[in-house]
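Down below is the structure, laid out as structure tokens.
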Amino acid sequence: MTKVLFVCMGNICRSPAAESVLKKILEDKNLSREFYVDSAGIIDYHSGEQPDPRMIEVLEKRGYVTNHSARQVNLKDFEIFDYILAADYYVFRQLNKYSIDEEKKKKIFQMSRFLNNHNEKEIPDPYYGSEEDFEYCLDLIEDAVNGFYNEVLKPDEKPDLSNN
């Protein structure tokens, strides 16, 4: 079973959205049993909370379901997950500060690395923004998660991710 973790700041906007997008892709392809997908935040401020209602609304408009409760990333995640995708560069740097060996650091990627239809360096946090910011954030997440699936997770293909 392949395990994927999406990480953002508080685990109430970007990472649960990315989790929902990948779960739907896998469900649509009847691959859900072959993957474990989760999300977390680098801070514990929102632990136990549901995703931001504005993100839930945008997700539901596009046919996604989320039933995630926010949690903070922990050292065990670096043992469990095969791929850890950071929503932005700050989150990426924070994940790389954990006391983990170089092999585990190779599991960490920026989500924007997998964008195909947008030219952004990161997935911006919509938390303090407008509805349009949430919509655009989900546009980027859909692009990045589809790119990640197509480049890395497609069955029977072995990716070369050495240029992290």
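Residues checked against (1) of a type in the set (A, V, I, L, M); (2) surrounded by 21 or more Cβ atoms within 10 Å (Cβ to Cβ):
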residue: I42; (1), (2): yes, yes
residue: P51; (1), (2): no, yes
residue: Q94; (1), (2): no, no
residue: E103; (1), (2): no, no
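Of everything in the range 53-85 that's of a type in the set (K, R) and out of contact with any helix residue (DSSP H, G or I) (no Cβ under 9 Å at 6 or more places or on another chain), which residue is surrounded by the most Cβ atoms within 10 Å (Cβ to Cβ)? I'd like the intermediate steps shown before the answer.
From the range 53-85, those of a type in the set (K, R) are 54, 61-62, 71, 76; that's our starting set.
Filter once more, so that each one left must be out of contact with any helix residue (DSSP H, G or I) (no Cβ under 9 Å at 6 or more places or on another chain): 71, 76.
Working: R71: 18, K76: 8.
In this case the residue turns out to be R71.
Quick grid of which residues meet (1) out of contact with any Lys or Arg (no Cβ under 9 Å at 6 or more places or on another chain); (2) within 18 Å of S39 (Cβ to Cβ); (3) of a type in the set (D, E):
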{"residue": "K76", "(1), (2), (3)": "yes, yes, no"}
{"residue": "I80", "(1), (2), (3)": "no, yes, no"}
{"residue": "I84", "(1), (2), (3)": "no, yes, no"}
{"residue": "S99", "(1), (2), (3)": "yes, no, no"}
{"residue": "K106", "(1), (2), (3)": "yes, no, no"}
{"residue": "E131", "(1), (2), (3)": "no, no, yes"}
Review point. Is it true that I42 is over 12 Å from I141 (Cβ atoms) and free of Cβ contacts under 8 Å to residues at least 24 places away in the same chain?
Key: no
Check your understanding: Applying the selection to the range 6-20, what residues are touching a strand residue (DSSP E or B) at 6+ places or on another chain (Cβ under 9 Å) and of a type in the set (A, V, I, L, M, F, W, C)?
Key -> F6, V7, C8, M9, I12, A17, A18
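Taken together, the values in this text are just the output of simple stated rules run on the coordinates, not laboratory data. Remember, it's a predicted structure, so these values are computed and weren't measured experimentally. Neighbour counts run over all protein chains shown; Cβ positions are idealised from the backbone, glycine included.
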